[in-house]
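Accompanying notes for the structure given below.
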Amino acid sequence: MGGGFMIQEGSSVKATEIIAQIPISEGYLSRVVNALAKPIDGRGEISASESRLVESPAPGIISRRSVYEPLQTGLIAIDSMIPIGRGQRELIIGDRQTGKTAVATDTILNQQGQNVVCVYVAIGQKASSVAQVVNTLQDRGAMEYTIIVAEKANSPATLQYLAPYTGAALAEYFMYRERHTLIIYDDFSKQAQAYRQMSLLLRRPPSREAYPEDVFYLHSHLLERAAKLSSQLGEGSMTALPIVETQSGDVSAYIPTNVISITDGQIFLFADLFNAGIRPAINVGISVSRVGSAAQIKAMKQVAGKLKLELAQFAELEAFAQFSSDLDKATQNQLAKGRRLRELLKQSQSAPLTVEEQIITIYTGMNDYLDSLEIEHVRKCIVELRAYLKTNKPKFNEIISSTKTFTGEAEAKNMSIIWVPVHQYVQVVN
């Protein structure tokens, strides 16, 4: 587990006769530890009275129940069209520098007050990148319910390989105590590379792309530990968001295809969208959640049911419209609405939205309230609308949060809520 520079041929080795395990306790919350669960944040030792095996069997079929509770990310594009449920495994995939870690950290920030323990596993990253994540979480008060397991780029391959197992063991500790947990593996590509390095040094036969054949088992075993536990076991959950880095968008490479086949859906982040200023740079057309609307509250289903279809039709129409200068009025209107909907899905980093704010945003766009606005004014108008709602009309949020449905009363209030500030904004702009 260390450098191993002093070990030579003929050195004597003693077995500990103990299966690899880590100490575990509530004291790990808000701490930064390494793959051996030793603190590396300079805040002293962590007291722990019990330990847990780093690799333990995944819950069996009888021990699970189907995913039915939403785990809100705070990102409109995900919560409305690619919903994630507690106990789900959703892959975040894309090239480097497309905002994969930002999606993961925003999801952690959005768990504030939701009684969810978050574990962020940083594998083979620069120390500055890990420090940036820690600072973001500390500034927003999210470290109180978060554990960070970090093995930097200069760590031995054995520790980079082990880090996700340590993270999973920490998350399981809380899951089996009837708590909800979220674990982020950032990223599996680097863990696979570390495992390949170990395997080739051990002279195991290389397979496709020089990875050993059991790298698939490595990731499937980790992700299968994520589960929604049955009522008999207390209904705790462990939601996994593995991250995989692609080269030039090649999702047909070995590790991406492996992890796509293991998870319950994937969120594709595209460099072209990122460079075009669409943040988060999610390609809605090929991103999918195999849990679907089971991981949404009824109110979100009611307002966002047709959103993905609208955007898919818009993308097809936009591609076709490039080759034609003479478009009929109906086509022009559909393109204009699609562009406004795309503006609604744009979000600043570290600014997650509540589900109530998301619902009013989508409702406003889907019901043509923004048609009289120029596209460059759409985002500012929506920000003002949400601020107006929060300060002047708290009753609307109360109806949604208490009933979880978009009732007739909520819709009636919504129409009056939206019309006044949007109409005023249009007058000011014009």
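Is it true that PRO242 is closer than 25 Å to VAL355 by Cα, touching a residue at least 24 places away in the same chain (Cβ under 8 Å) and either within 14 Å of the chain's Cα centre (by Cα) or part of a helix (DSSP H, G or I) (or both)? When the stated conditions are applied, PRO242 passes them. Filtered by the rule that a residue be among the small types (Gly, Ala, Ser) and more than 20 Å from LYS306 (Cβ to Cβ), the range 341-378 gives SER348, SER350, ALA351, SER372. Going through (1) crowded, with 20+ Cβ neighbours inside 10 Å; (2) modelled with pLDDT under 90; (3) of a type outside the set (S, T, N, Q) one by one, LEU344 falls short only on (2). Of all the criteria given as (1) of a type outside the set (A, V, I, L, M); (2) within 19 Å of LYS346 (Cβ to Cβ); (3) touching a strand residue (DSSP E or B) at 6+ places or on another chain (Cβ under 7 Å), the one not satisfied by GLN111 is (2).
Among the residues of the range 24-35, the one identified as of a type outside the set (Lys, Arg) and either more than 18 Å from CYS118 (Cα to Cα) or in contact with a Lys or Arg (Cβ under 8 Å, 6 or more places away or on another chain) (or both) is ILE24. Of the numbered criteria (1) touching a helix residue (DSSP H, G or I) at 6+ places or on another chain (Cβ under 9 Å); (2) crowded, with 20+ Cβ neighbours inside 10 Å; (3) outside any loop (DSSP other than H, G, I, E, B); (4) not aromatic (Phe, Trp, Tyr), the one SER293 fails is (2).
Does THR146 qualify as being among the β-branched types (Val, Ile, Thr) and either under 30 Å from ASP272 (Cβ atoms) or surrounded by fewer than 22 Cβ atoms within 10 Å (Cβ to Cβ) (or both)? Criteria not met by THR146. The residue list SER189, SER155 contains one member that is in contact with a strand residue (DSSP E or B) (Cβ under 8 Å, 6 or more places away or on another chain), part of a loop (DSSP other than H, G, I, E, B) and either among the small types (Gly, Ala, Ser) or under 22 Å from VAL244 (Cβ atoms) (or both), which is SER155. Count of the range 357-376 residues, restricted to those that are free of Cβ contacts under 8 Å to residues at least 60 places away in the same chain and buried (at least 18 other Cβ atoms within 10 Å of the Cβ), is 7.
Against the criterion of being within 17 Å of ILE286 (Cα to Cα) and open to solvent by 50 Å² or more (accessible area, probe 1.4 Å), SER252 qualifies.
When the range 173-186 is filtered for residues that are crowded, with 21+ Cβ neighbours inside 10 Å and either under 16 Å from VAL244 (Cα atoms) or acidic (Asp, Glu) (or both), the ones remaining, listed by number, are ILE183, ILE184, TYR185, ASP186. Go through the range 187-217 residue by residue and tally those that are buried (at least 19 other Cβ atoms within 10 Å of the Cβ) and either of a type in the set (Asp, Glu) or farther than 28 Å from ASP250 by Cα (or both). The number of residues fulfilling the criteria is 1. Listed by position, the strands (runs of 3 or more DSSP E) enclosed by the range 1-111 that each have at least 3 residues that are at pLDDT 95 or above, open to solvent by less than 30 Å² (accessible area, probe 1.4 Å) and under 30 Å from GLY365 (Cβ atoms) are 91-94.
Checked against the criterion of being surrounded by 17 or more Cβ atoms within 10 Å (Cβ to Cβ), aromatic (Phe, Trp, Tyr), more than 21 Å from the chain's Cα centre (by Cα) and in a helix (DSSP H, G or I), the candidates PHE320, PHE314 yield just one match: PHE314.
If you check ALA276 against the conditions, is it among the small types (Gly, Ala, Ser) and touching a strand residue (DSSP E or B) at 6+ places or on another chain (Cβ under 9 Å)? So ALA276 does not fit the description; no.
GLY277 passes every criterion in (1) exposed (fewer than 13 other Cβ atoms within 10 Å of the Cβ); (2) part of a helix (DSSP H, G or I) apart from (2). Here GLN302 qualifies as modelled with pLDDT under 90 and either open to solvent by 50 Å² or more (accessible area, probe 1.4 Å) or within 19 Å of the chain's Cα centre (by Cα) (or both). Pairs needed: first member in the range 247-258, under 12 Å from PHE188 (Cβ atoms); second member anywhere, assigned to a loop (DSSP other than H, G, I, E, B) and at pLDDT 95 or above; C-beta distance under 6 Å; at least 6 residues apart or different chains. Final answer for the pair search is TYR254/TYR211; PRO256/THR246. The condition of being modelled with pLDDT of 95 or more, of a type outside the set (A, V, I, L, M, F, W, C) and either open to solvent by less than 80 Å² (accessible area, probe 1.4 Å) or closer than 15 Å to GLU151 by Cβ (or both) holds for SER220.
Got at least one residue in the range 375-392 being at pLDDT 80 or above and of a type in the set (Phe, Trp, Tyr)? Scanning the range 375-392, I find at least one residue that is at pLDDT 80 or above and of a type in the set (Phe, Trp, Tyr), so the answer is yes. A search for C-beta distances below 9 Å between a residue of the range 388-403 that is of a type outside the set (Asp, Glu) and any residue that is surrounded by fewer than 12 Cβ atoms within 10 Å (Cβ to Cβ), counting only pairs 6+ apart in sequence or on different chains, returns LYS393/SER416.
The values are calculated or read from the model by the stated rules, or taken from the named source; none is laboratory data. Since this is a predicted model, take the numbers as computed values, not measurements. We place every Cβ from the backbone using ideal geometry, glycine too, and count neighbours over all the protein chains shown. Calculation scope for accessible area: heavy atoms of the full protein, side chains included, ligands and nucleic acids excluded. Shrake-Rupley method; radii C 1.70, N 1.55, O 1.52, S 1.80 Å.
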